[in-house]
Amino acid sequence: MAQKSWMYSVLEAVQYEMQQDPAMTWIFELTPPVASNPNMPVINLETEFGRKRVVNTGIDENWMASAVLGAGLAGSKSATYIPYQGALIPFQVIQNVAGKLRHKTGGLAEMPVVWIIEMTGQTPGFGQQHSCYEEDSYYMHIPGVRTVVPSTPYDAKGMMHAAIRSPDPVVYLYPAGLRTLTQEVPDDAFEVPLDKAAVRMEGSDLTIVSSGAGMPGVLEAAETLTEEGMSVEVIDLRALNAMDTETIVNSVAKTKRLLTVDQSYYTLCPGAEVIARAVENVDGVKVKRVAFPDAPPPASPEMFTWMRPNAEGIKGAARALV
Amino acid sequence: MAQKSWMYSVLEAVQYEMQQDPAMTWIFELTPPVASNPNMPVINLETEFGRKRVVNTGIDENWMASAVLGAGLAGSKSATYIPYQGALIPFQVIQNVAGKLRHKTGGLAEMPVVWIIEMTGQTPGFGQQHSCYEEDSYYMHIPGVRTVVPSTPYDAKGMMHAAIRSPDPVVYLYPAGLRTLTQEVPDDAFEVPLDKAAVRMEGSDLTIVSSGAGMPGVLEAAETLTEEGMSVEVIDLRALNAMDTETIVNSVAKTKRLLTVDQSYYTLCPGAEVIARAVENVDGVKVKRVAFPDAPPPASPEMFTWMRPNAEGIKGAARALV
Amino acid sequence: MTYDLKPSPQPSGGEAPSSESRRGFLKLAALTGAVVSTTGRRALATGDIGFFAKDLSDEKLIDMYRTILQIRWHERTQADQMLSNPDYRGYNHFYAGQEAVATGVCAALRNDGPFDQIDVVYSSHRPSGHAIAKGVDIPKMVAEMDFRATGMNGGYGAEMHISDPSVGFIGADGMIGPAPVIASGSAFAFRARGSDQVAVVFAGDGNYAAPHFHSTLNNAKLLDLPLIYVCENNLYHQYAHYSYSCPHKDIAEAAGAYGIETEIVDGQDVVQVYNAAKEAVDRARAGGGPTFIEAKTYRYYNHWGAPGAKAGELGAFGYDPLAITSFRPEREVRAWMQRDPVDIARKILVDWGVVDETRAAEIDEEVKAEIAEAFEWGLSQPLCAPEDGLKHVFAEGTVPARQFG
Amino acid sequence: MTYDLKPSPQPSGGEAPSSESRRGFLKLAALTGAVVSTTGRRALATGDIGFFAKDLSDEKLIDMYRTILQIRWHERTQADQMLSNPDYRGYNHFYAGQEAVATGVCAALRNDGPFDQIDVVYSSHRPSGHAIAKGVDIPKMVAEMDFRATGMNGGYGAEMHISDPSVGFIGADGMIGPAPVIASGSAFAFRARGSDQVAVVFAGDGNYAAPHFHSTLNNAKLLDLPLIYVCENNLYHQYAHYSYSCPHKDIAEAAGAYGIETEIVDGQDVVQVYNAAKEAVDRARAGGGPTFIEAKTYRYYNHWGAPGAKAGELGAFGYDPLAITSFRPEREVRAWMQRDPVDIARKILVDWGVVDETRAAEIDEEVKAEIAEAFEWGLSQPLCAPEDGLKHVFAEGTVPARQFG
Ligand SMILES: Cc1ncc(C[n+]2csc(CCOP(=O)(O)OP(=O)(O)O)c2C)c(N)n1
Ligand SMILES: Cc1ncc(C[n+]2csc(CCOP(=O)(O)OP(=O)(O)O)c2C)c(N)n1
Ligand SMILES: [Mg+2]
Ligand SMILES: [Mg+2]
């Protein structure tokens, strides 16, 4: 157990699974599977497992995503790291082939496959194509694929173990804005389930639901609000599809106030689904949504940082709601 | 003015616009731009405008979608008909290039471009990849692209005129299940706006919101419910992004009951967005959602027709709500 | 209007050219059966091309012949169902005319044994021939294509999605583009785990234009993958000749540009196909990388067929009125029928002394009966339970119903 | 850990090889300026390759030289800003070393006039050289790259998205893959409307592997499009040599396979590039279809550079510790720097008697001053108003704020 960075935690999980299963493969493009952590051995999957199992390919994210699917169908566990620039390039094969394969074969297709889809984390300055955070909505509408988005190094590791071991294909969204987080993370393998939300803070006045890169701002806001005397319950969705309705409904039944927070664009952000599930199941809930406006992120840091949801905006919305 | 089929109405609009603008182009793949209607001249864009402007390409929907974008950027109005099999193949170029282009150029990019994206209309028997109706959710999360889905031949024609004339790139979803509809449609050019919902029936007990292929079932159900004494307001969204919040909110403020109906998968169906907008703006609304379950459509007609939302299911949900 | 979807064959509308001679097509197609026609000619243009095949046992050669017949009779029987049985609901993208391709290729593969040792096949939207050749259970396939609960895939998938991993038939895919790329991923896994398995993908000439074509061949070459890409060039993709989407006369030329081994074969001659496949498989197993086989072939019927069809109309596997840009001249169809894969295979077996005409005719009758039984079994199977549609989304559990609010 | 994103140059971590000699790289790069170096050599290997260029006016040739210098001094000045001005925020994918490619190609194009008559250029994630060569306003580009409200694109896009349709510079695109396909669409429109305009796309060697490569070339050939694909083969895509993603020695070979005219040129020699481009443009205007030009070139700096960089660290446009699989040997960099496009262009102009060394040095000073002024103007421009981020989503109106609930 040690303080570990996000990517070190994740690669620890991958390294372990690849050691257990000599057939498992990893495909990458420009981000070599290497991570270091103070006082820990460097992890380098490419040198450890060799270039037949760990392959650096050309700029062809659709091949990467399709290839791990084919590897999985041939009986080899397989994972790939799709950089944010290519985050939607393999969309069709995941949506229209992988997501439908088990069902269309009447349960025969096996797909022990993980697509790590990087999201930029909305970096100021890079603009529209390089600062966006929108993939969550696209991927979570796909049936037959488990779409998850961890928000802590601990979950990142535990969910990576679970994802690799899952017989279902998994879209594992990685909000790269969280790469600087560190946390105590066990050295040994452990699993965090792919279908359970986490209650990060308990409270009775207001439920705030968010996920991935939305979480740090939510936790910061919740702390201030708590200090101000508000009793806030914070839910980290973690699983976008299948979504953990029960945790949401139980909380909202108690608080009758729901604030959703997303870095994704407003229209059809994950929060829309959270709200719909909440009000379908609980009467008399007051709701608000914080999200990125329905505009691509501009490059100008002045525009961008004003548009990106942050703790201040969350606090304001929460106060208006309670 | 005559009873016209869906596609005849649409191609009438395209033919007119292509006659007006000799630079305009049309790209197709396997569905030739040909339509006939009783006692009307056959429309055949390929023979009328020649193969330089109307081109039959290989099976490469990403090229088709990208090519019309490039044509638009070069100053030529351009449209393409993407068959349902390729409905998500051009997703990335629409989402990540076209949707962001105007914004990232600070307003300089001009894109008089229409992508007609066919949706299968959930044909029984064809199964997962050939019976689905899920594209609405994916496309409507994209900022910078107008995503619309007409549900009548009249709107199909009027929105096609508006789409071709729009300086914004338009995803024009075509629910092919509606191809058998006919309606009185004017011969002359006219526009139906790309950002306005239509109130198809007025009422005060319940608001039903749907779109595209969901509409026939909704109208059928509303008729029965009206006969049963319920006062039903029916809204056809037509515009998915930007969505006409005002029409929804006005209606729900009156009825305080909202039922959304989608042929899209439940999780993050357009109805989720409708519900979220409604309850953000109106307190004390009771809601329900009818949608396709979060499963790919099975081939077996027994399974499929049970799963696909229909008038019976809508009526049941409405009765439970009011 | 002519903007139809596949599912409901509709009157072709006022503008469709009415062609009496084309109406006669279906009758002609019906005649081109197994032992009926005697006009088959075998092409042995390139020297001793029977090399590998000549080493095969009589049994294996007869098996190949039997496979060709199974595919043919399956289609003939199914077409009869479509035209005459009002209860029959299955549709098909017919493979008749192309049987030797699937048969020749799969005869060179490892089709049984544990899953981690057999070769895998990826098919297309035209899968039934590949499936039969790879060894799926035909009665179960018949049941599947008619949406039966006990079908190969429980009625979930039907024709365009049939799959049976137990014989290495990963399955059909209704989309043009993705399958070859995914197949290269299986080949990648074989190489990574040091297995001598090979991955085969069947793809039409239409697949050439898909951007996936480049990805598949480029990565197969770069990573030296044990992948065999079988391009079934039947000259048309739906309503257009392949010259509308491909600047090459031989599509194999495109593959050769990547430095991949290529082979162009007469797809009507099962022996030529087998020999090419055998060489490719040996190379792949030995670590020699990918091969691209272009089989020149032809489909007798039109793009697809469905119940309720009438001769001369869309979905009737005859002339297709949607074919505006480019369509198949009837003389072309007739000419190709003169080189029927069934006839060619039979003639080879007779020439090689493997069977005589009498035995060949017997085999034909045996297969015909086998297929008749398959239909009898398949079409008597139970229909699906509606609620089962909620299963098999994930490996475990069912998803909730949502259609009732 | 080494999983960094571009935006925040971070300490390279314990495992990064510390290389003193690589640290020296930045100093070397700084020396390779305009008139400073005298080691430039001009390659005229293939006979009278100066043919078209020799017919150009002195003025035009001097313009081309000036363009090369503008690109070079823009970068040198920007790099200085990054290293020394704590308020500077712009980043860049540097083009130094490749200047002759953009310059030679754009010199053969129609760059002013009404929009429906000028040629259009699609650029990549490495756009500033292409933009300058196509004729954008440099001060406005400088302002844009530092996120200023009066920048070329109002501060909305910054480096990877710069665009100025008024000079036919459709613009940068940060994604690898889509641009060439879109460019082919512009070419398609030109042909459809009977215009003699041409569309040009600049794309790196990395773009070869993208499936879009196939779509672009296949359709350009099939439809005979007036498209010029300029492949800037600078040997590396980010952290890998092009041999990791391409089985060809010359990428042009791949294009040739489609039957497209190809031309391989020394990308360091603006005259060679111009001649190839001129031929391609003439062909395209005359309806002769597409050309693929592969320019062999090299970038001096690493993949990209950003403010706050320190020599020897990621983002410092020096050695890149992320380069695990394959990286650029310092000797290779040094060798390429001996064939500097600035030196080569200057030597040609002097050899041809267009200018003498004194005038060449004057021009260099003029350009340097022009660029200094551009930075002065650009960096004094106002910052953006936050709320303006809600504009330009659609042609009209603004979208609502949603970040406050
Ligand atoms: C991505 C995609 N676009 C379009 C289609 C529609 N479609 C089905 S089959 C077909 C033609 C395929 O031709 P080819 O590959 O030559 O195979 P053949 O039908 O001749 O066996 C087309 C265009 C599809 N299935 N997938
Ligand atoms: C689809 C996509 N995937 C990955 C990236 C990340 N990326 C940016 S530049 C680059 C390398 C491009 O190399 P090349 O095309 O040779 O151009 P160069 O940088 O050498 O000029 C990569 C992989 C991207 N921009 N787009
Ligand atoms: Mg074909
Ligand atoms: Mg490069």
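Every number in this text was worked out from the coordinates using simple rules, so none of it is lab data. Here the structure is a predicted model, which is why all the values come from computation and not from measurement. Virtual Cβ from ideal backbone geometry, glycine too; neighbours counted across all protein chains shown.
Using mean Cβ contacts within 10 Å as the protection proxy, how do A:256-262, C:371-377, C:350-356 order, highest first?
The packing order, highest mean first, is A:256-262, C:371-377, C:350-356.
Taking 18 Å as the cut-off for C-alpha to C-alpha distance, list the pairs among C:Lys249/D:Lys221; A:Lys288/B:Lys104; D:Lys60/D:Lys347; B:Lys100/D:Lys391 that go past it.
As for pairs spanning more than 18 Å Cα to Cα, those are A:Lys288/B:Lys104.
Loop-only GluC sites (Glu not before Pro) in region B:182-213, please: DSSP not H, G, I, E or B, and at most 13 other Cβ atoms within 10 Å.
When the GluC sites (Glu not before Pro) of region B:182-213 are filtered for loop state and at most 13 Cβ neighbours within 10 Å, B:Glu202 remain.
What is the mean number of Cβ atoms from other protein chains located within 10 Å of the Cβ atom of each residue in peptide D:378-389, rounded to a whole number?
Across the residues of D:378-389, the mean count of other-chain Cβ atoms within 10 Å is 4.
C:Thr398 versus C:Asp282, label points 7 Å from Cα toward the beta carbon: distance in nm?
Between C:Thr398 and C:Asp282, the simple spin-label model gives 5.4 nm.
Label-to-label distances across copies for B:Asp187, with labels 7 Å out along Cα→Cβ, in nm, shortest first?
Values, ascending and in nm: 8.5.
Would you mind ranking B:Ile142, D:Ile348 so that the residue whose beta carbon has the fewest other beta carbons within 10 Å leads the list?
Taking fewest neighbouring Cβ atoms as first place, the list is D:Ile348, B:Ile142.
Within 14 Å, Cβ to Cβ, of B:Val54, how many net charges do the neighbouring residues add up to if Lys/Arg are +1 and Asp/Glu are -1?
Overall, the nearby charge balance is +1.
Counting only other chains, what is the mean number of Cβ atoms within 10 angstrom of the Cβ of each residue in peptide C:160-166?
Mean shielding by partner chains, rounded to a whole number: 6.
Would you mind working out the magnitude of the charge dipole of chain B relative to its Cα centre, with +1 at each Lys and Arg C-beta and -1 at each Asp and Glu C-beta, to the nearest 20 Debye?
500 debye
Run through the DSSP bridge list for the protein assembly as shown and note the antiparallel percent, rounded to the nearest 5.
DSSP beta bridges in the protein assembly as shown are roughly 25 percent antiparallel.
Over region D:116-269, what is the relative contact order in whole percent, taking alpha-carbon pairs under 8 Å and six or more residues apart?
Reported relative contact order: 21 percent.
Using a 7 Å offset from Cα along the direction of the beta-carbon, what are the separations from B:Gly229 to the same position in each other copy, nm, ascending?
5.1
Let me understand chain A better: what is its radius of gyration from the alpha carbons, and its Dmax, in angstrom?
19.4, 58
Which of the chymotrypsin sites (Phe, Trp or Tyr not before Pro) found in region C:126-199 are loop residues per DSSP with 14 or fewer other Cβ atoms within 10 Å of their Cβ?
none
For peptide A:304-314, what's the mean number of Cβ atoms from other chains within 10 Å of each residue's Cβ?
What the average comes to for A:304-314 is 4.
Over region A:189-300, what is the percentage of antiparallel beta bridges among all DSSP beta bridges, to the nearest 5?
20 percent
Using a/c under 1.5 as the rounded threshold, could you call region A:125-272 rounded, prolate or oblate? The axes a ≥ b ≥ c are square roots of the C-alpha gyration tensor eigenvalues, and prolate needs a/b larger than b/c, oblate otherwise.
Rounded, since a/c falls under 1.5.
Using a label point 7 angstrom from Cα along Cα-to-C-beta, what distances in nm, from shortest up, separate D:Pro382 from the other copies?
7.5
Please sort by residue number the trypsin sites (Lys or Arg not before Pro) in region D:214-286 whose DSSP state is loop and whose Cβ has at most 10 other Cβ atoms within 10 Å.
When the trypsin sites (Lys or Arg not before Pro) of region D:214-286 are filtered for loop state and at most 10 Cβ neighbours within 10 Å, D:Lys249 remain.
Would you calculate, for chain A, the mean residue ellipticity at 222 nm contributed by helices, counting each DSSP H stretch of 4 or more residues as -39,500 (n - 2.57) and dividing by all residues, to the nearest 500?
Rounded to the nearest 500, it is -10500 deg cm²/dmol.
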